[in-house]
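Everything below concerns the one structure shown next.
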Amino acid sequence: MTRPSQIQVSEHAALVADLRTLTPEQWRTTSLCGDWDVEDVVAHLGAASGLTFWGWLRSIAGARFDADVHNQRRLEEFRGDSPPATLERYTAVGPIALPRKESVAGLGELIVHAEDIRRPLGLKHQPDAEGLLMVARFFAAKDFAVNSSSLVKGLRLTATDAEFWTGDGPVANGPLLSLVMAMAGRRAALQDLDGDGVSVLSERLAV
């Protein structure tokens, strides 16, 4: 089995290649990640890549365990004077190693945030199949950076393009990437899904 960090390397390179094609206006496009624009998300990913577990712990404690404050501080610290400068910094970073080097959590962070960027820009990319399956299983099994497992509790998720299914209850079917994005709390992904479970997910994400 390929290690999550190895898949991160290839997914990072693919994202950098896409980012190099962006116009100044595209860098200011609002992402799927709250109020962040594309440059904000790239800076967030870069900042996460530069943190050790202990560095993260000190940072989140310094933010009084407010994840939004922690994330904003770190992305502002990482961001360059311009989008190209931020991109050059991001190009040089390595895999996200939180909470440890070979955790699937870091790979999930990269795949989800890359889609946060690409989807509003109309850019298409199919993540590494093995890596995406790792992330889907990880999100379905536990809450970590996002409350993914709690979100889909009591639902049956089934991928239409991969060997993935989990849970019991009302069904939500669709592409695996869209299921992963839905588990990560992205409402935009629900339009790619069908089944009685989609309305349940929509209600939960509205809370």
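Does region 3-16 contain any residue that is of a type outside the set (S, T, N, Q), modelled with pLDDT of 95 or more, within 17 Å of Glu109 (Cβ to Cβ) and touching a strand residue (DSSP E or B) at 6+ places or on another chain (Cβ under 9 Å)?
Checked against the condition, which is being of a type outside the set (S, T, N, Q), modelled with pLDDT of 95 or more, within 17 Å of Glu109 (Cβ to Cβ) and touching a strand residue (DSSP E or B) at 6+ places or on another chain (Cβ under 9 Å), region 3-16 yields no hits at all.
Looking at Met181, Met134, which is the one that is within 26 Å of Val16 (Cβ to Cβ), part of a helix (DSSP H, G or I), modelled with pLDDT of 95 or more and open to solvent by 20 Å² or more (accessible area, probe 1.4 Å)?
Answer to the check: Met134.
Would you be able to say whether some residue in region 108-119 is of a type in the set (Lys, Arg), part of a loop (DSSP other than H, G, I, E, B) and under 22 Å from Trp27 (Cα atoms)? Even if it seems obvious, please write down each step before you answer.
Keep residues of region 108-119 that are of a type in the set (Lys, Arg), which gives 118-119.
Pick out the ones that are also part of a loop (DSSP other than H, G, I, E, B) and you get none.
No.
Do you know which residues across region 100-111 are open to solvent by less than 50 Å² (accessible area, probe 1.4 Å) and either touching a Phe, Trp or Tyr at 6+ places or on another chain (Cβ under 8 Å) or hydrophobic (A, V, I, L, M, F, W, C) (or both)?
Matches in region 100-111: Val104, Ala105, Leu107, Gly108, Leu110, Ile111.
May I ask you to verify whether Arg156 is under 20 Å from the mean Cα position of the chain (by Cα), open to solvent by 20 Å² or more (accessible area, probe 1.4 Å) and at pLDDT 95 or above?
Working: under 20 Å from the mean Cα position of the chain (by Cα): no; open to solvent by 20 Å² or more (accessible area, probe 1.4 Å): yes; at pLDDT 95 or above: yes.
Answer is no for this residue.
So that you can scan it fast, the table gives a plain yes or no per residue for (1) open to solvent by 10 Å² or more (accessible area, probe 1.4 Å); (2) in contact (Cβ under 8 Å) with a residue 12 or more places away in the chain:
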position	(1), (2)
Thr2	yes, yes
Ala13	yes, no
Leu19	no, yes
Leu45	no, yes
Phe53	yes, yes
Asp66	yes, no
Glu88	yes, no
Ala92	yes, no
His113	yes, yes
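The values are calculated or read from the model by the stated rules, or taken from the named source; none is laboratory data. None of these values were measured; they are calculated from a predicted model. In this analysis, Cβ positions are derived from the backbone assuming ideal geometry, glycine residues included, and neighbour counts consider all displayed protein chains. Calculation scope for accessible area: heavy atoms of the full protein, side chains included, ligands and nucleic acids excluded. Shrake-Rupley method; radii C 1.70, N 1.55, O 1.52, S 1.80 Å.
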